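First up is the structure itself, then whatever we jot down about it.
The values are calculated or read from the model by the stated rules, or taken from the named source; none is laboratory data. None of the values given here were measured: they were computed from a predicted structure. Ideal geometry is used to build each Cβ from the backbone, glycine not excepted, and the neighbour counts take in all protein chains shown. These area figures cover heavy atoms from the full protein model, side chains too; ligands, DNA and RNA do not enter into them. Shrake-Rupley method; radii C 1.70, N 1.55, O 1.52, S 1.80 Å.
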Amino acid sequence: MRTQDNQSELLDQPPYSTREFAVDDLRLLALIAESGSMNAASKRFGMSKSVLSRAVSKLEELAEGPLFDRTQTGMTLTAIGDVLLPVARRAAEVVRDADEAMRSAKGTPQGELKIAASALSGQQLVAPAIAEMAKRYPQVETTLQVTGLGPDPVAEDLDLVLRIGKPEESYLSTRLLVSSQLALYAFRSTAAEIDLDDPVAVEGLGRIVIAVDQVPAQWRLSDKTGRTIEMKAKPLVRVGDPTVAIGILNSGSGVAKLPMIYGEPLVRAGALVRALPGWTGPPLEIYAAMPPRRMSVPAVAAFLDILIEHAKRLRDQI
């Protein structure tokens, strides 16, 4: 039997562990490690550097040593940081899973909705869907990140990302939004000076090559009879986003190959004209990519439905 003194000694002893790691601090550690610096993590995830710095300081106090070495190019993990990183990544997954579970439990679309798309897809495809979403579900707060990189929605903590071509990551949920033929477009006044049915004259305008995945630098076109032509001349310019290509066209220079769902509205508006109107390139597929099970979140499911509706309207207008 324990005496009163024995019991008093036990009560005076510290608990098994006095270190209290906060899950969110660990999550932020993982985000900083993935981004390479606090500045990069702050820009990438929209968080203040002071919040990130406090999280690292608290963890370093618990670890009794530095977790990062600061360099001129960024931050690299120390040996202690390397040991803690796998736990930090699991903490980030737990937070994502908890947030997803809570959002899925709410029957009415509400809360944050984070989307990423290229400038042109954001303007032509996503923006009208966001406007409709706001009308139907005012409790949803939508954020659109404009990027031509097609980020990983899991790594970037995004609900939905528009990608050209079917995503290769098997863990992502995907939906085909639209498949659109590629066609050539030129500025109306410039095109009036040439024969738009002459491949040599059209290529002579100067090729504006859009350097993105799934869009070859060499242009191969075919007509309804199966004939093909290729355009391989040195590009007038290479751009990373179709919006820039359209800007160059509107200045009166070049010819660009664009998805018809984006090009034809500009033709109807009187800004561009089809070059080689009887010829088209291969279809371009635009997908919605989402983290696993994200379609069970009401806000994501509702937005995806609206996005598909709008994509169908664009396709039907061609």
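Order the following by accessible area, largest value first: Phe45, Phe68, Phe21. Probe radius 1.4 Å; ligands, DNA and RNA are ignored. Write down the numbers at each step before the final one.
Details: Phe45 35, Phe68 5, Phe21 85 Å².
Result, largest first: Phe21, Phe45, Phe68.
Helix 127-136 sits at what angle to the longest principal axis of the chain, using alpha carbons and giving 0 to 90 degrees rounded to 10?
The helix 127-136 is inclined about 60 degrees to the chain.
For the range 196-201, what does the Karplus curve 6.51 cos²θ - 1.76 cosθ + 1.60, with θ = phi - 60°, yield as ³J(HN,Hα) per residue in whole Hz, taken in order and with x for Gly and Pro?
6, 9, 9, x, 5, 5
Check which residues have an amide H placed less than 5 Å from Val178's amide H, if you skip close sequence neighbours.
Amide H to amide H, under 5 Å and 5 or more residues apart or across chains, Val178 pairs with Ile286.
Quick one: among Ala88, Ala79, Ala256, which has the greatest mean-square fluctuation in a GNM of the chain with alpha-carbon springs under 10 angstrom?
Its mean-square fluctuation being the largest, the pick is Ala79.
Assuming R0 = 30 Å, can you tell me the calculated FRET efficiency for the pair Asn250 and Arg315, based on Cβ-Cβ distance, to the nearest 0.05? Intermediate results must be reported in sequence, preceding the final value.
On the way: r = 24 Å, r/R0 = 0.80.
The pair Asn250/Arg315 has a calculated efficiency of 0.80.
Which semi-axis lengths, in whole Å and largest first, follow from the square roots of five times the eigenvalues of the Cα gyration tensor of the chain?
Numbers: eigenvalues 548, 102, 46 Å².
One finds semi-axes of 52, 23, 15 Å for the chain.
Please compute, over every Cα-Cα pair in the range 136-188, the percentage with a separation greater than 19 angstrom. Please list the in-between numbers first.
Numbers: 659 of 1378 pairs.
So the pairs more than 19 Å apart make up 48 percent of the total in the range 136-188.
For the range 85-241, what is Rg from Cα atoms divided by 2.2 N^0.38 Å, rounded to two decimals? All intermediate terms of the calculation are to be shown ahead of the outcome.
Numbers: Rg = 21.1 Å, N = 157, 2.2 N^0.38 = 15.0 Å.
Dividing the Cα radius of gyration by 2.2 N^0.38 Å gives 1.40.
Arranged from highest to lowest average of other beta-carbon atoms within 10 Å per residue, in what order do the peptides 285-291, 131-137 appear? Write down the numbers at each step before the final one.
Details: 285-291: 22.3, 131-137: 14.4.
With the highest mean Cβ count within 10 Å placed first, the list reads 285-291, 131-137.
In nanometres, what is the gap between the two model label sites at Asp99 and Thr174, each 7 Å from Cα along Cα-to-Cβ?
Computed distance between label sites Asp99 and Thr174 equals 2.4 nm.
Between Ala271 and Thr143, what length comes free when the chain is fully extended (0.36 nm per residue of separation minus the Cα-Cα distance, one decimal in nm)?
Values: separation 128, 0.36 × 128 = 46.08 nm, distance 2.95 nm.
Difference between extended and current length: 43.1 nm.
Along the range 138-152, what does the Karplus equation 6.51 cos²θ - 1.76 cosθ + 1.60 (θ = phi - 60°) give for ³J(HN,Hα), rounded to whole Hz, x for Gly and Pro?
x, 7, 8, 9, 9, 10, 10, 9, 8, 7, x, 8, x, x, 6
Please give the per residue volume of the convex hull enclosing the alpha carbon atoms of the range 29-157, rounded to a whole number of Å³. Could you put the intermediate results ahead of the total?
Numbers: hull volume 15.7 nm³, N = 129.
Once divided by residue count, the hull of the range 29-157 is 122 Å³.
Can you tell me the mean projection area, over all orientations, of the convex hull of the range 231-281's alpha carbons? Units nm², please. Let's see the in-between values first.
Details: hull surface 15.5 nm².
Its Cα hull, projected and averaged over all orientations, spans 3.9 nm².
If I stretch the segment between Ala211 and Ile308 completely, what's the gain in nm (0.36 nm per residue apart, minus their alpha carbon distance), one decimal? Numbers along the way, then the final one.
Numbers: separation 97, 0.36 × 97 = 34.92 nm, distance 2.60 nm.
Contour length minus the Cα-Cα distance gives 32.3 nm.
Which far-off residues, 5 or more places away or on another chain, put their amide H under 5 Å from the one on Ala116, with H placed in the peptide plane?
It is Gln145, Leu160, Val161, Leu162, by chain and number.
Would you calculate the volume per residue, in Å³, of the smallest convex hull containing every Cα atom of the range 215-318? Don't jump to the answer; show the numbers that get you there.
Numbers: hull volume 15.1 nm³, N = 104.
Residue-normalised Cα hull volume stands at 145 Å³.
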